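J.: The following block contains the structure, expressed as structure tokens.
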Amino acid sequence: MNTHAAKRTRLTFILVGVLALLIGIIGWMEFGQQIKTTQNANAIQHIVINRTGHPAIEIVHEQSNWRMTKPYSLNANAQRIEPLLALGSATFDGYNTSEVDMAATGLASPGASMILGGREFLLGNTDASGDRRYALVDGKVSFVPEWVWSLLHGGTTAFAELAVFNGLSENVYLKSDNSPESKPGSAELWQALQADKILPWPVENAQVLGAQSTDGTHTLHSSSAISDSNKLADIIEYQDVTVIITQPGFAFAISNERMHKLLYL
């Protein structure tokens with residue numbers, strides 16, 4: 001009986017040892033893969049996003065920061081970029097294109113694509129579950145999560161840093177077209193302003209923003225001596241939103257509910 005107990009004890013120790021060895025091997029493999037993934041992700045310095053019917057978006061890594069260079073020159077939102085870096089460093093298995101009905105997957109005419117550090121991803125239709133989307137990666141037909149498509153189609157609003165102003169002086173002055181005098185404003189409040197959306201500007205049809213109000217045109221300046229040289233932005237109120245134009249080509253759109261707190265303090 002003692003012999004059986006000794007055998008069971010030895011067997012238990014052997015099994016515990018094997019389990020510990022397996023855990024160690026798995027941990028080493030996962031740790032090694034994390035290092036590899038991190039190194040690959042850090043190597044991605046350039047991202048290009050293309051969507052049918054929209055201008056290309058280009059984002060580059062400059063001096064430890066991400067910056068959008070096309071279609072507008074803006075700081076980029078690093079948190080939105082991080083999932084793409086993980087995707088760009090992932091390993092994909094799939095099928096040869098000769099084994100797949102490319103038209104049925106939507107990859108014969110991809111609706112969107114992206115280049116992550118020189119690696120191209122072409123995106124087609126969703127699969128039957130709706131949770132994944134067909135993708136052509138490294139010459140193979142594979143899948144990516146559906147959130148990738150949603151993120152790309154957020155466009156410039158999804159990837160740009162939505163802070164309207166950067167580095168304002170201590171004082172700002174608001175001038176309304178219906179008022180002869182400028183009004184001092186809080187630079188801190190204007191500095192903290194975050195846009196809801198980025199619009200190409202001028203828009204093809206301003207009526208999509210609603211009718212412009214009679215007293216809804218303003219300018220923001222860095223000095224009480226109002227002039228074009230110290231103008232920070234043009235501000236136009238519409239029925240539903242207010243647009244702030246800080247440079248040619250685009251405008252920040254902000255809900256009137258939030259903007260009125262700054263315009264009519």
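J.: Can you pull out the residues in the stretch 136-151 that are in contact (Cβ under 8 Å) with a residue 24 or more places away in the chain and within 19 Å of A56 (Cβ to Cβ)?
T.: Hits for the stretch 136-151 are L136, V148, W149, L151.
J.: Name every residue in the stretch 178-210 that is of a type in the set (G, A, S) and under 25 Å from T156 (Cα atoms), in order of residue number.
T.: Those that are of a type in the set (G, A, S) and under 25 Å from T156 (Cα atoms): A192, A195, A206, G210.
Here's the yes/no breakdown for (1) assigned to a strand (DSSP E or B); (2) surrounded by fewer than 17 Cβ atoms within 10 Å (Cβ to Cβ); (3) in contact with a Gly (Cβ under 9 Å, 6 or more places away or on another chain); (4) not basic (K, R):
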{"residue": "A211", "(1), (2), (3), (4)": "no, yes, no, yes"}
{"residue": "S224", "(1), (2), (3), (4)": "no, yes, no, yes"}
{"residue": "S229", "(1), (2), (3), (4)": "no, yes, no, yes"}
{"residue": "A233", "(1), (2), (3), (4)": "yes, no, no, yes"}
{"residue": "Q239", "(1), (2), (3), (4)": "no, yes, yes, yes"}
{"residue": "T242", "(1), (2), (3), (4)": "yes, no, yes, yes"}
{"residue": "I245", "(1), (2), (3), (4)": "yes, no, no, yes"}
{"residue": "R258", "(1), (2), (3), (4)": "no, yes, no, no"}
{"residue": "K261", "(1), (2), (3), (4)": "no, yes, no, no"}
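J.: Step by step: first the residues of the stretch 165-181, then only those that are open to solvent by 10 Å² or more (accessible area, probe 1.4 Å) and touching a Phe, Trp or Tyr at 6+ places or on another chain (Cβ under 8 Å), then the one that is nearest to F92 (Cα to Cα). Which residue is that?
T.: So the residue we want is F165.
J.: With the condition kept exactly as written, say whether any residue in the stretch 94-113 is surrounded by 16 or more Cβ atoms within 10 Å (Cβ to Cβ), under 14 Å from the mean Cα position of the chain (by Cα) and under 30 Å from I245 (Cβ atoms).
T.: No, every residue in the stretch 94-113 fails to be surrounded by 16 or more Cβ atoms within 10 Å (Cβ to Cβ), under 14 Å from the mean Cα position of the chain (by Cα) and under 30 Å from I245 (Cβ atoms).
J.: Does any residue in the stretch 95-121 that is in a strand (DSSP E or B) come within less than 7 Å, Cβ to Cβ, of a residue that is open to solvent by less than 60 Å² (accessible area, probe 1.4 Å) and among the charged types (D, E, K, R) six or more places away or on a different chain, and which pairs are these?
T.: Note: pairs meeting the criteria are A112/R51.
J.: Just checking, does the stretch 51-72 include any residue being assigned to a strand (DSSP E or B), in contact (Cβ under 8 Å) with a residue 24 or more places away in the chain and of a type in the set (D, E, K, R)?
T.: Scanning the stretch 51-72, I find at least one residue that is assigned to a strand (DSSP E or B), in contact (Cβ under 8 Å) with a residue 24 or more places away in the chain and of a type in the set (D, E, K, R), so the answer is yes.
J.: Taking P202 as the residue in question, decide whether it is in contact with a strand residue (DSSP E or B) (Cβ under 9 Å, 6 or more places away or on another chain) and open to solvent by 40 Å² or more (accessible area, probe 1.4 Å).
T.: yes
J.: Filter the stretch 73-91 for residues that are in a strand (DSSP E or B) and either more than 14 Å from E161 (Cβ to Cβ) or open to solvent by 40 Å² or more (accessible area, probe 1.4 Å) (or both) and give the result.
T.: Result: N75, single match.
J.: Please determine whether any residue of the stretch 152-159 is surrounded by 18 or more Cβ atoms within 10 Å (Cβ to Cβ), part of a loop (DSSP other than H, G, I, E, B) and either over 14 Å from the mean Cα position of the chain (by Cα) or in contact (Cβ under 8 Å) with a residue 24 or more places away in the chain (or both).
T.: no
J.: To continue, here is another question. Of a type outside the set (V, I, T), modelled with pLDDT of 90 or more and within 19 Å of A76 (Cβ to Cβ) - does that describe any residue in the stretch 163-184?
T.: yes
J.: When you look at V141, is it β-branched (V, I, T), touching a Ser or Thr at 6+ places or on another chain (Cβ under 9 Å), surrounded by 16 or more Cβ atoms within 10 Å (Cβ to Cβ) and over 30 Å from L262 (Cα atoms), yes or no? Steps first, please.
T.: Numbers: β-branched (V, I, T): yes; touching a Ser or Thr at 6+ places or on another chain (Cβ under 9 Å): yes; surrounded by 16 or more Cβ atoms within 10 Å (Cβ to Cβ): yes; over 30 Å from L262 (Cα atoms): yes.
Yes, satisfied.
J.: If you don't mind, there's one more thing I want to ask. Condition first: open to solvent by 60 Å² or more (accessible area, probe 1.4 Å) and not in a strand (DSSP E or B). Now tell me which residues in the stretch 127-138 satisfy that.
T.: Of everything in the stretch 127-138, those that are open to solvent by 60 Å² or more (accessible area, probe 1.4 Å) and not in a strand (DSSP E or B) turn out to be A128, S129, D131, D138.
J.: Further question: Within the stretch 184-231, which residues are charged (D, E, K, R) and under 15 Å from Y173 (Cβ atoms)?
T.: Scanning the stretch 184-231 gives E188, D228, K231.
The values are calculated or read from the model by the stated rules, or taken from the named source; none is laboratory data. What you are looking at is a predicted structure, and each value in this text was computed from that prediction instead of being measured. Reconstructed Cβ throughout: ideal geometry from the backbone, glycine too, with neighbour counts over all protein chains shown. Ligands, DNA and RNA are excluded from the accessible area calculation, which covers all protein heavy atoms including side chains. Shrake-Rupley method; radii C 1.70, N 1.55, O 1.52, S 1.80 Å.
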